[in-house]
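Below is one structure, written out as structure tokens; comments come after it.
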Amino acid sequence: MGNTFKTAFLLTALTLLLMMIGRAFGGQNGMMIALAFAVAMNFVSYFFSDKIALAMYRAQPVTREELPRAYDIVERLTQKIGIPMPKIYVIPTESPNAFATGRNPQHASVAVTHGILGLLNDEEMEGVLAHELGHVRNRDILISSVAATIAGAITMLASMGRWAMIFGGWGGDRDDRRGGGGGIAALIMLILAPIAATLIQLAVSRSREYQADASGAHYTGNPYALASALQKLDAYSRRMPMQATPSTAHLFIIQPLLGMNFGNLFSTHPPIAKRIERLTGRPAEFIQ
């Protein structure tokens, strides 16, 4: 039940953070509005975070006839692991990557990019899909999807607050405004909110990647295939970066390049070289 507890803790922590933001901007009324917003966000995060993430990357569902290669691999692995067959999606980008999402193994989806299908051979593809099914089996997908949705909401609120402050909007209670306290508190929240959201993502993300790598290697019995896939994905994604948002970067098997923005200050993934070293037991000197 570890991940269920983590999810509850994450939802509670982010609810309190939203209420603090509301208090800083709008006093008692702002806090109550933020609480109502948080309750709605928690509901949406639990039931619809997977659909939001898939829609964000324009992922299209595919049938067995359209993508027999991935279906055959996933079907074989799910029977071996003992989990239901997830829905399979393709993301229309040439940048190679993949992610899993959903609130539990019964409502799971695995998305692969168009680019990864052409880049990897069958063994490497099996390693990547086994890694993603490791996330499903380990029940990581709910907590990572919830983190993506709510971190995005916090960042969006902070951005709205920044504009509101520029144009003389939210300023806290009248007494606070007179003393300047509300403005200072709001400014602090604007700085802290995206950092807090990102730190929560980091806390749930790095150890999960190592664990999913180990699970994927165990399911296939071939850690070198996943290591080879990671090496290729790292090299090709640098040449062909994927446009991703900081709030969803942690979902992917390798970190998308986010460009020059806030998200680059924090890496949600362990270094590829370390992941390969853990998989193969040998130093990954061929990785930069």
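The values are calculated or read from the model by the stated rules, or taken from the named source; none is laboratory data. Here the structure is a predicted model, which is why all the values come from computation and not from measurement. Quick reminder, even Gly has a Cβ in these numbers, built from the backbone with ideal geometry, and neighbours come from all protein chains shown.
Here Glu66 qualifies as acidic (Asp, Glu) and either over 29 Å from Leu11 (Cβ atoms) or over 15 Å from the mean Cα position of the chain (by Cα) (or both). Considering (1) in a helix (DSSP H, G or I); (2) within 17 Å of Leu129 (Cα to Cα), the lone condition that Tyr89 does not fulfil carries the number (1). Among the residues of this structure, Ala59 does not count as one that is closer than 20 Å to His269 by Cα, in contact (Cβ under 8 Å) with a residue 40 or more places away in the chain and not β-branched (Val, Ile, Thr). Within the range 118-141, if we keep just the residues that are touching a His at 6+ places or on another chain (Cβ under 9 Å) and of a type outside the set (Val, Ile, Thr), the residue that is surrounded by the most Cβ atoms within 10 Å (Cβ to Cβ) turns out to be Ala130. Would you be able to tell me the number of residues in the range 1-45 that are closer than 23 Å to Leu142 by Cα and touching a Lys or Arg at 6+ places or on another chain (Cβ under 6 Å)? Summing the residues that are closer than 23 Å to Leu142 by Cα and touching a Lys or Arg at 6+ places or on another chain (Cβ under 6 Å) in the range 1-45 gives 1. Glu94 meets the conditions (1) assigned to a helix (DSSP H, G or I); (2) over 19 Å from Ile143 (Cβ atoms) in every case but one. The failed one is (1).
Just one residue in the set Ile191, Ile166, Ile141 is more than 14 Å from the chain's Cα centre (by Cα) and modelled with pLDDT of 70 or more; that residue is Ile191.
Among the residues of the range 94-117, the ones that are surrounded by fewer than 22 Cβ atoms within 10 Å (Cβ to Cβ) and either charged (D, E, K, R) or touching a Phe, Trp or Tyr at 6+ places or on another chain (Cβ under 8 Å) (or both) come to 3 in all.
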